[in-house]
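Below is one structure; the comments refer to it alone.
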Amino acid sequence: MTIENRARRDFLKHGVMAALGAAAIPLLEPVSGWTQTPGEEAERQAAAQGAGGALVRLDFDRRIGTIDKKIYGSFIEQLGRCVYGGVYDPGSPLSDAEGYRKDVMQAVRELGVTVLRWPGGNFASGYIWKNGIGPKNERPRLWDTAWQEVEPNQFGTDEFLRYCEKLNVEPYLTVNMGTGTMQDAADWVEYCNATTDTKWANERRKNGHAAPYGVKYWGLGNEVYGSWQIGHMDAKDYAANAENFAELMRGVDPTIKLVAVCDTSVKWDVTVLERLGRVADYVSLHHYGGSLDTAKEMQDAYFFQRQLEALEGLVTAVMTNVRKKEPVLIAADEWNIWFRSWYKRGDRHELEEIYNLRDALWTASALNIFHRMCRSIGMANEAQLVNVIAPMMTNKDGLVLQTTYFPFQLYAKHSGDVALDAYTRSESFPGMPETPYMDISATTDAANSKLTLALVNRHPTAEIPVEIEIAGFQPRESGVSYEVNGPSLDATNTFASPHNVGVRQSTFSGAARKFRHSCPAHSLRVLVLEKA
Ligand code: AHR
């Protein structure tokens with residue numbers, strides 16, 4: 001989170017959100033209510049003249065690079081109802097024998113999450129992991145000063161890593177650089193990864209996990225630059241401190257991959273990179289955006305891209321200076337829309353944003369950025385997974401999929417491993433030449449056997465015809481289209497009305513090396529084309 005965002009967050013923290021109803025819903029019901037009246041159709045046609053057409057030119061020889069599947073990552077934090085009541089709800093009839101919500105697990109599997117970050121976030125900077133292991137009835141109930149709530153320590157390291165095993169996702173742990181010591185961090189590595197006959201590895205065995213967990217990804221603190229962070233410090237102190245943490249942690253397991261905290265401040269990033277660049281494999285960047293205004297929200301996606309490009313440039317500059325050959329990649333390990341629901345409602349700290357279709361199109365645009373910048377982005381974690389600024393919401397009876405669930409799911413499921421360098425031409429939002437109506441990414445697989453086009457029409461009212469030209473690939477004449485859309489940009493899915501936005505699957509014909517495809521107003525279309 002940037003400092004500017006933080007100020008905005010403080011200002012808005014008493015914002016309200018729509019209340020949730022109580023009904024349980026089945027997953028992935030067909031979407032209803034998109035039908036437009038003839039009058040609306042005429043309006044769209046008229047507006048379309050203002051939007052113009054768009055052009056996409058692809059050449060299968062022009063490949064950007066390989067997409068790391070870790071960009072389809074997520075994040076859970078001990079905060080509000082994310083872990084307790086979302087992930088973990090012992091005693092609920094919807095939970096399994098170990099206490100994990102089965103409906104949430106099913107939705108996470110279908111979402112296609114690849115890597116999961118935990119325990120925070122801000123929570124990480126005060127979290128003593130040793131309090132969260134061993135017999136549950138002996139674990140202390142503590143006050144979490146980051147989010148001002150009780151932490152019962154019932155969900156700890158073993159529960160998190162078991163969750164990752166059940167979901168078949170890669171765990172990513174963030175160490176406490178606020179109240180924690182470097183010895184605590186090294187002990188945590190030992191607990192998770194060591195095979196030695198030593199105290200913390202033996203504790204793990206005693207707690208029922210004989211084999212090491214083999215946690216590969218470790219974050220060196222969270223948002224250490226921010227005044228809101230427990231134990232925040234300046235860049236110089238952070239870099240020196242994190243270097244010591246890294247050395248001790250690698251002294252236990254030299255194979256771990258480390259993520260250093262970066263920001264969107266040149267001064268912070270350069271200072272950190274100059275010292276930590278040699279030891280870090282990744283540098284983190286957090287971005288939260290959002291607006292009630294469509295043009296501004298889409299422009300925010302552009303700023304997100306610029307922040308990533310700025311960090312990419314700084315990494316290149318500093319790493320070239322220090323002659324480091326191994327890549328230092330960006331981990332955008334918190335990203336989302338977050339501006340409506342803030343810390344407190346009554347005595348709870350919920351951050352329970354209700355997302356609309358506009359936010360889903362922003363999410364698709366963010367995923368397009370990760371594809372287009374695949375050479376420098378090695379991981380991205382949507383913040384967060386359930387209930388707290390999340391693509392799915394639970395209550396005691398069930399679960400609802402928010403609008404932002406669907407783009408993530410489609411990208412994770414249908415994108416190829418290789419990003420293509422797509423030339424795109426489109427009209428832009430008035431006065432915002434940097435923010436085109438159409439935002440796209442194109443991917444293929446290593447064998448060039450399919451093409452996936454993610455076409456985001458962010459125009460509020462106009463259907464946009466897109467001319468698609470492809471060199472080096474002959475598609476089959478018919479393909480599959482997955483469309484995320486809804487009755488309006490403000491449409492949301494709630495327990496009371498869960499199916500306003502969803503995915504409509506259809507086949508389309510007419511695909512060729514040069515063809516035209518029309519994208520409805522405010523839609524994401526993911527087109528999957530097989531090689532002829
Ligand atoms: O995701 C919510 C919070 O946003 C995280 O705890 C923190 O890292 C960021 O400021």
* To do: Kindly indicate whether residue 427 is among the acidic types (Asp, Glu) and within 16 Å of the ligand (Cβ to nearest atom).
  => no
* **the range 279-299, residues that are away from the ligand (no atom under 16 Å from the Cβ) and under 19 Å from residue 382 (Cβ atoms)** => 291, 297, 298
* Evaluate the following for residue 263: is it of a type outside the set (A, V, I, L, M, F, W, C), buried (at least 21 other Cβ atoms within 10 Å of the Cβ), in contact with a strand residue (DSSP E or B) (Cβ under 9 Å, 6 or more places away or on another chain) and modelled with pLDDT under 95? => yes
* Could you tell me whether the range 377-388 includes any residue that is surrounded by fewer than 24 Cβ atoms within 10 Å (Cβ to Cβ) and charged (D, E, K, R)? => no
* **Output for the range 389-400, where each listed residue is buried (at least 24 other Cβ atoms within 10 Å of the Cβ) and either at pLDDT below 95 or more than 16 Å from the ligand (Cβ to nearest atom) (or both)** => 394, 399, 400
* Asked: Given the residues 253, 293, 281, 234, which is the only one that is open to solvent by 10 Å² or more (accessible area, probe 1.4 Å), among the acidic types (Asp, Glu) and closer than 17 Å to residue 182 by Cβ?
  -> 253
* **Tabulated pairs, the range 125-147, first in a helix (DSSP H, G or I) and away from the ligand (no atom under 16 Å from the Cβ), second open to solvent by 60 Å² or more (accessible area, probe 1.4 Å) and not aromatic (Phe, Trp, Tyr), C-beta under 8 angstrom, 6+ apart or interchain** => 131/142
* Flag if residue 163 is within 16 Å of the ligand (Cβ to nearest atom), closer than 23 Å to residue 108 by Cβ and either surrounded by 18 or more Cβ atoms within 10 Å (Cβ to Cβ) or not assigned by TED's automatic domain parsing to the domain that holds residue 329 (or both) -> no
* Condition test on residue 57, is it open to solvent by 10 Å² or more (accessible area, probe 1.4 Å), of a type in the set (Lys, Arg) and either within 16 Å of the ligand (Cβ to nearest atom) or more than 13 Å from residue 167 (Cβ to Cβ) (or both)? -> yes
* To do: Report yes if residue 362 is buried (at least 19 other Cβ atoms within 10 Å of the Cβ), under 30 Å from residue 279 (Cβ atoms), among the aromatic types (Phe, Trp, Tyr) and out of contact with any Leu (no Cβ under 6 Å at 6 or more places or on another chain), otherwise no.
  => no
* Filter the range 75-112 for residues that are closer than 18 Å to residue 336 by Cα and not in a loop (DSSP other than H, G, I, E, B); which is nearest to the ligand (Cβ to nearest atom)? -> 75
* To do: Answer yes or no: is there a residue in the range 492-503 that is in a strand (DSSP E or B) and either at pLDDT below 95 or over 19 Å from residue 459 (Cα atoms) (or both).
  => no
* Asked: Within the range 184-229, how many residues turn out to be open to solvent by 40 Å² or more (accessible area, probe 1.4 Å) and closer than 23 Å to residue 268 by Cα?
  -> 2
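The values are calculated or read from the model by the stated rules, or taken from the named source; none is laboratory data. Given the structure is predicted, the values throughout are model-derived calculations rather than measurements. Note: ideal-geometry Cβ built from the backbone for every residue, glycine included; neighbour counts use all protein chains shown. Keep in mind that these areas ignore ligands, DNA and RNA; they rest on the heavy atoms of the full protein, side chains included. Shrake-Rupley method; radii C 1.70, N 1.55, O 1.52, S 1.80 Å.
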